[in-house]
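Asks: One structure is given below, represented as structure tokens, and several questions about it will come after.
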Amino acid sequence: MTRLPILKMVLAVIVFGTVQSVILLQFNWFGDEASTAAKPIDTLLDVTIIISSFIFAIVCVALGYALIKWRAKPGDESDGLPIHGNTRLEIIWTIIPVIIVLGLAGYSWAVLDDIEKTDSNALHINAYAQQFAWTFGYPEDGNKWSEGELHVPVDRQVIFDLQAQDVIHSFWVPEWRIKKDAVPGLETEVIVTPDKEGTYSLICAELCGLGHTTMRATVVVESEAKYKAWLNKQTTQVPEDILKTTNQYEADQLKKEEQSGGIEGSGVIEQ
Amino acid sequence: MAAAIRQPGWYRGAIGLVLGAAFGFCLVVGLRLLSGLDAFQTEQTGYPQVIVPLITAPFGFLFGFGAFDYWFRWAAGKPTIPEDHSGHGATKWQDYFKFNTDHKVIGTQYVVTTLFFFLIGGLLALLMRAELAQPGTQIVAANTFNGLFSTHAVVMIFLFIIPVFAGLANYVLPLMIGAPDMAFPRLNALSFWLLPIAGIIFLGSFLAPGGSFDAGWTGYAPLSTGAPLGQTFFNIGVQFAGASSIATALNFLVTIITMRAPGMNLWRMPLLVWANLSTSLLVVGATPFVAGAQFMVFFDRILGMNFFNFLEGGDVISYQHIFWFYSHPAVYIMMLPGFGIISEIISTHARKPVFGYRLMALALIGIVVLSYSVWAHHMFVAGMFSWLRVPIMITTMLIAVPTGIKVFSWLGTLFYGKIHTYSTAMLFALAFIITFTVGGISGVMLGMIPIDIHVSDTYFVVAHIHFVLFGGSVFTIFAGIYHWFPKMTGRMYDERLGRIHFWGTLVGTWMTFIPMHWIGMDGMPRRVADYASQYGDWNLLISVSAFVLGAVQLVFLYNMIVSWRFGPKAGPNPWRANSIEWQVSSPPPVFNFDEIPRVVGGPYEYGTPGARHAIMGGEGEGAEVPETKPSTVTVPS
């Protein structure tokens with residue numbers, strides 16, 4: 001191939017890729033940002049959009065160029081050139097994608113570490129998921145309990161300890177950009193630092209049965225003072241019978257066995 | 001009549017079905033009564049009086065239908081019915097409804113059956129889109145809706161995409177490698193007949209008390225272990241579909257490894273053969289895992305085992321590990337054969353050798369190896385051990401590389417070619433490159449953990465999977481059907497209708513699935529019967545486009561059915577292709593070749609004057625390819 005067509009194609013890719021990136025970057029794809037994780041994730045998305053735009057442009061331009069240039073005339077029964085490959089080209093289009101994806105993977109890893117950093121003074125809140133409702137316990141404030149409504153202070157890291165009572169649910173506040181499954185028998189946690197006051201939706205993102213569609217809760221992010229005031233007004237405590245994670249469950253069983261005469265009473269060691 | 005009943009066939013099959021069901025039913029009820037229990041048990045995870053017959057009846061049918069006659073006679077030391085090529089070939093339409101051992105008949109059976117299930121799956125999707133056209137509940141209640149998307153996915157995956165590739169390859173692959181048939185023709189026929197059984201079981205779940213299975217096609221425990229009876233239908237149906245898939249894959253492996261024509265070394269195999277070799281390696285390695293996962297759920301449900309019961313020490317997450325260890329390779333099972341099809345079509349219609357043939361073959365093998373190491377990217381937010389996420393992200397990102405190599409090589413094939421776009425097959429192949437690239441890019445985005453955390457379980461995932469499965473796999477399936485239609489039927493389809501189908505499908509696909517990316521990123525979760533009203537307009541557009549997409553498939557069906565009957569004769573090689581299947585008549589003779597061809601060169605030697613891929617039997621050096629006689633071979637029975 002002579003220089004000129006290559007130059008034409010490169011130019012077309014640059015124009016196509018740039019225009020597409022510029023258009024796509026005009027939109028706020030992931031919606032409002034309301035946590036410290038949102039910024040780095042959205043920047044990562046923007047970078048990915050730009051790289052993807054150029055890759056898509058390469059494929060489109062190459063296909064379009066080939067179709068314009070080498071489309072057979074009707075009735076033309078001759079064959080194309082018997083080119084079987086080009087080792088240099090093949091190496092290039094193996095190595096460059098490797099570099100791109102490894103770069104993106106490294107960048108993602110850095111972002112992941114960043115958004116999952118824990119603070120020593122983080123606030124712990126328990127989120128209990130059951131078909132088809134969310135309830136919340138505030139262990140640092142007398143184990144208070146709220147149903148269908150979650151309050152958190154702004155600008156302080158919150159670690160939600162997720163506990164599923166029956167099937168798998170998933171804790172998702174789109175504006176926070178975080179999501180984690182609540183798995184029965186497993187302790188999972190969500191780390192998030194809300195940085196914008198407001199009212200949001202907590203959505204169950206994992207299919208959990210008939211009422212999955214409606215399994216939502218309100219999230220209120222407010223100032224520390226308002227949060228405390230709200231907590232003080234709450235009177236109910238987390239009910240005793242709310243199912244615990246396996247470890248706690250087993251610990252409880254053990255305690256019960258001990259109270260009822262120890263493991264010897266189980267009949268296994270007795271004989 | 002008495003003779004008809006003793007002969008293998010539909011009468012005996014029906015009797016076998018009834019006897020099988022009765023046996024299972026009496027076994028359960030009898031044993032329960034003997035044990036002093038009620039005859040029937042109707043807990044929703046129980047119903048043994050329904051489930052055991054559900055397993056025994058299909059076997060009864062298969063015995064009656066004649067699937068095991070030869071093997072049983074042989075095992076019992078009885079004279080086998082003289083090697084029945086009586087079951088070979090098809091001279092009338094009834095022959096397609098028999099236990100036929102001809103790979104070409106089986107291929108056609110597969111394709112027609114799976115297209116039927118494609119329609120069913122599509123109708124289920126349209127019902128869903130009708131419900132989702134507006135916020136609120138209009139047409140179906142939440143439980144029906146959950147059943148709809150679960151069966152839609154299962155029917156499309158297990159009864160359309162995976163088996164239709166097996167069907168196309170069944171027809172084409174033995175011809176391509178110069179073999180008279182598949183290595184195990186009877187196993188091949190059995191593989192096919194397991195499919196409609198699986199389909200009937202899946203769809204039959206709609207009749208079960210509590211409705212069809214509704215825990216998604218993923219059937220995550222513990223939602224599935226406690227779900228109504230329909231879930232058990234899913235557990236059992238997967239066993240039949242999976243067994244069919246595994247048996248076919250073994251058959252392909254043995255056929256490809258041992259039955260290639262003399263001269264066809266590995267580097268002379270067409271890429272479709274490479275693709276099916278790779279796919280089969282995935283199927284035999286991975287499919288047992290989905291069978292195992294569903295058995296474990298089945299045992300949890302029926303026998304009270306506690307694989308996934310966290311209160312009794314079961315581990316909920318392990319279900320997902322086992323399930324995805326199959327189901328991620330499964331997406332390549334659903335894509336690699338399509339890659340093979342596209343390579344054949346682009347090379348043929350661009351009149352050029354496939355660019356970088358060896359790297360194309362190695363990329364397939366690379367995908368096979370890597371695809372076993374990426375399953376957990378479906379579980380980035382599932383609460384699995386967090387250290388596993390980054391390594392899985394890296395392998396996931398890397399698997400884009402061999403896939404990218406394929407895309408670039410197809411483009412390279414087009415350069416300096418003579419690109420013919422009159423064929424609908426080529427149009428679908430070219431559109432596939434672009435559409436699949438979009439699916440590939442969204443796949444890489446999903447592989448990046450921070451992005452995945454936000455978009456997993458949203459419509460973004462729905463958009464991605466449909467871009468790779470519809471814009472990817474289904475486009476290649478259409479391309480393949482159009483490409484080999486003249487070979488399979490001996491007649492030509494209508495290119496004008498083909499073009500209508502192509503443009504309708506292309507526009508319909510983009511209009512339906514592109515907006516799904518947007519609403520997913522903006523916060524609409526998937527698998528919901530209702531949604532926030534802000535997504536109403538987009539969902540209306542998606543639903544309207546989906547109906548256009550559905551309607552345009554009727555053009556395809558009309559074209560196929562009418563052309564099969566009335567289309568103009570196609571001749572042996574309408575595309576002037578080099579590979580061996582085009583060197584025999586259309587449709588090929590019953591035993592494919594009078595004399596096994598000799599392979600003397602690569603499969604894509606376009607543009608090299610005098611270069612040959614294969615020399616057909618009885619052909620003098622340099623002579624014209626003789627017309628092979630159409631299928632009139634009769635064999636004494």
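The values are calculated or read from the model by the stated rules, or taken from the named source; none is laboratory data. Just so it is clear, the model here is predicted, and its values are computed rather than measured. Methodologically, a virtual Cβ is constructed for each residue, glycine included, from the backbone with ideal geometry; neighbour enumeration extends over all protein chains shown.
Asks: Name the residues in the range A:199-215 that are part of a strand (DSSP E or B) and in contact with a helix residue (DSSP H, G or I) (Cβ under 8 Å, 6 or more places away or on another chain), would you?
Replies: Residues satisfying the conditions are A:200, A:201, A:203, A:204.
Asks: Same structure again: Please verify whether the range A:148-159 includes one or more residues that are closer than 24 Å to residue B:379 by Cβ and either modelled with pLDDT under 95 or hydrophobic (A, V, I, L, M, F, W, C) (or both).
Replies: Of the residues in the range A:148-159, the ones closer than 24 Å to residue B:379 by Cβ are A:158-159.
Okay, now just the ones that are also either modelled with pLDDT under 95 or hydrophobic (A, V, I, L, M, F, W, C) (or both), so A:158-159.
Yes: one or more hits.
Asks: Tell me yes or no: at least one residue of the range B:136-150 is farther than 30 Å from residue B:536 by Cα, in contact (Cβ under 8 Å) with a residue 12 or more places away in the chain and in contact with a helix residue (DSSP H, G or I) (Cβ under 9 Å, 6 or more places away or on another chain). Give the steps one after another, and end with the answer.
Replies: So the first thing to find is which residues in the range B:136-150 are farther than 30 Å from residue B:536 by Cα, and the list is none.
Within the range B:136-150, none of the residues are farther than 30 Å from residue B:536 by Cα, in contact (Cβ under 8 Å) with a residue 12 or more places away in the chain and in contact with a helix residue (DSSP H, G or I) (Cβ under 9 Å, 6 or more places away or on another chain).
Asks: Checking residue B:534 against (1) in a helix (DSSP H, G or I); (2) surrounded by fewer than 20 Cβ atoms within 10 Å (Cβ to Cβ); (3) in contact with a Phe, Trp or Tyr (Cβ under 9 Å, 6 or more places away or on another chain), only one condition comes out false. Which one?
Replies: (3)
Asks: Using the structure shown, decide if residue A:4 is at pLDDT below 95, part of a helix (DSSP H, G or I) and either under 30 Å from residue B:349 (Cβ atoms) or in the same structural domain as residue A:201 (by TED's automatic domain parsing) (or both).
Replies: yes
Asks: Test of understanding: among B:380, B:385, B:428, B:432, which residue is more than 10 Å from chain A (Cβ to nearest Cβ) and within 30 Å of residue B:301 (Cα to Cα)?
Replies: B:385
Asks: A further question follows. Name the single residue that is farthest from the other protein chains (Cβ to nearest Cβ) among those in the range A:178-210 being surrounded by 15 or more Cβ atoms within 10 Å (Cβ to Cβ) and of a type in the set (Gly, Ala, Ser).
Replies: Among those that are surrounded by 15 or more Cβ atoms within 10 Å (Cβ to Cβ) and of a type in the set (Gly, Ala, Ser), it is A:182.
Asks: Additional query: Against the condition crowded, with 18+ Cβ neighbours inside 10 Å and either at the interface with another protein chain (Cβ under 7 Å from one of its Cβ atoms) or of a type in the set (Ser, Thr, Tyr) (or both), how does residue A:168 come out, does it pass?
Replies: yes
Asks: Looking for something hydroxyl-bearing (Ser, Thr, Tyr) and either more than 24 Å from residue B:106 (Cα to Cα) or at pLDDT 80 or above (or both) - is there at least one such residue anywhere in the range B:588-605?
Replies: Yes, because at least one residue in the range B:588-605 is hydroxyl-bearing (Ser, Thr, Tyr) and either more than 24 Å from residue B:106 (Cα to Cα) or at pLDDT 80 or above (or both).
Asks: A follow-up question, please. Output the residue which, of all residues in the range B:65-95 that are in a helix (DSSP H, G or I) and over 21 Å from residue B:197 (Cβ atoms), is modelled with the highest pLDDT. Step through it out loud before you land on a result.
Replies: Taking the range B:65-95 first, the residues in a helix (DSSP H, G or I) are B:65, B:69-75, B:85-87, B:93-95.
Pick out the ones that are also over 21 Å from residue B:197 (Cβ atoms) and you get B:73-75, B:85-86, B:93.
Values: B:73: 87, B:74: 87, B:75: 91, B:85: 57, B:86: 60, B:93: 82.
This residue is B:75.
Let's see how each residue does on (1) at the interface with chain B (Cβ under 7 Å from one of its Cβ atoms); (2) of a type in the set (Gly, Ala, Ser); (3) assigned to a helix (DSSP H, G or I):
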{"site": "A:84", "(1), (2), (3)": "yes, no, no"}
{"site": "A:90", "(1), (2), (3)": "yes, no, yes"}
{"site": "A:103", "(1), (2), (3)": "no, yes, yes"}
{"site": "A:111", "(1), (2), (3)": "yes, no, yes"}
{"site": "A:124", "(1), (2), (3)": "no, no, no"}
{"site": "A:135", "(1), (2), (3)": "no, no, no"}
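Asks: Turning to a different aspect of this structure: Can you name the condition, by its number, that residue B:413 falls short on among (1) touching a strand residue (DSSP E or B) at 6+ places or on another chain (Cβ under 8 Å); (2) more than 8 Å from chain A (Cβ to nearest Cβ)?
Replies: Looking at each condition in turn, residue B:413 falls short on (1).
Asks: On to the next question. Do we find a residue being part of a helix (DSSP H, G or I), in contact with a strand residue (DSSP E or B) (Cβ under 9 Å, 6 or more places away or on another chain) and within 14 Å of chain A (Cβ to nearest Cβ) anywhere in the range B:267-283? Even if it seems obvious, please write down each step before you answer.
Replies: The first filter runs over the range B:267-283 and keeps only residues part of a helix (DSSP H, G or I), leaving B:267-268, B:271-283.
This time we only want the ones that are in contact with a strand residue (DSSP E or B) (Cβ under 9 Å, 6 or more places away or on another chain), so: B:268.
Remaining after also requiring within 14 Å of chain A (Cβ to nearest Cβ): B:268.
Yes: one or more hits.
Asks: Same structure again: Kindly establish whether residue A:187 is of a type in the set (Asp, Glu) and within 17 Å of the chain's Cα centre (by Cα).
Replies: no
Asks: Sticking with this one: Could you check, for the range A:113-121, whether at least one of its residues is more than 9 Å from chain B (Cβ to nearest Cβ), surrounded by 14 or more Cβ atoms within 10 Å (Cβ to Cβ), within 24 Å of residue A:164 (Cβ to Cβ) and hydroxyl-bearing (Ser, Thr, Tyr)?
Replies: no
Asks: Confirm whether residue B:46 is over 18 Å from residue B:10 (Cβ atoms), under 27 Å from the mean Cα position of the chain (by Cα) and of a type in the set (Gly, Ala, Ser).
Replies: no
Asks: Condition test on residue B:547, is it at negative phi, of a type in the set (Phe, Trp, Tyr) and not in a helix (DSSP H, G or I)?
Replies: No: the conditions fail for residue B:547.
Asks: Is one or more of the residues making up the range B:464-477 of a type in the set (A, V, I, L, M, F, W, C), over 24 Å from residue B:128 (Cα atoms) and surrounded by fewer than 24 Cβ atoms within 10 Å (Cβ to Cβ)?
Replies: no
Asks: Among the residues of the range B:495-521, what is the count of those that are among the charged types (D, E, K, R) and surrounded by 23 or more Cβ atoms within 10 Å (Cβ to Cβ)?
Replies: Selection size over the range B:495-521: 0.
Asks: Among the listed residues B:508, B:498, B:520, which satisfies the condition of being closer than 21 Å to residue B:445 by Cα and in contact with a helix residue (DSSP H, G or I) (Cβ under 7 Å, 6 or more places away or on another chain)?
Replies: B:520
Asks: Which condition number does residue A:72 fail, the rest of (1) facing chain B (nearest Cβ under 9 Å); (2) at pLDDT 95 or above being met?
Replies: (2)
Asks: Sort out which residues of the range B:272-297 are surrounded by fewer than 24 Cβ atoms within 10 Å (Cβ to Cβ) and farther than 16 Å from residue B:163 by Cα, and write them in order of number.
Replies: Those that are surrounded by fewer than 24 Cβ atoms within 10 Å (Cβ to Cβ) and farther than 16 Å from residue B:163 by Cα: B:285, B:288, B:289, B:291, B:292, B:295, B:296.
Asks: Considering only the range A:22-37, how many residues are at the interface with chain B (Cβ under 9 Å from one of its Cβ atoms) and either of a type in the set (A, V, I, L, M, F, W, C) or farther than 26 Å from residue A:113 by Cα (or both)?
Replies: 4
Asks: Also, I was wondering about something else. Kindly provide the set of residues from the range B:226-274 that are of a type outside the set (Val, Ile, Thr) and within 14 Å of the chain's Cα centre (by Cα), ordered by number. Explain how you work it out, then say what you get.
Replies: Restricting attention to the range B:226-274, the residues satisfying the condition of being of a type outside the set (Val, Ile, Thr) are B:226-231, B:233-235, B:237, B:239-245, B:247, B:249-253, B:259-272, B:274.
Within the range B:226-274, B:240, B:241, B:242, B:243, B:244, B:245, B:247, B:249 meet the criteria.
Asks: Sort out for me the helices (runs of 4 or more DSSP H) sitting completely within the range B:442-510 that have 1 or more residues that are away from chain A (no Cβ under 14 Å) and among the basic types (Lys, Arg).
Replies: So the answer is B:475-489.
Asks: Same structure, new question: Would you call residue B:637 modelled with pLDDT under 90 and in a loop (DSSP other than H, G, I, E, B)? Give the steps one after another, and end with the answer.
Replies: Values: modelled with pLDDT under 90: yes; in a loop (DSSP other than H, G, I, E, B): yes.
Against the criterion (modelled with pLDDT under 90 and in a loop (DSSP other than H, G, I, E, B)), residue B:637 qualifies.
Asks: Taking the stated definitions as given, is residue B:127 in the same structural domain as residue B:203 (by TED's automatic domain parsing) and either in a loop (DSSP other than H, G, I, E, B) or free of Cβ contacts under 8 Å to residues at least 60 places away in the same chain (or both)?
Replies: The answer is yes for residue B:127.
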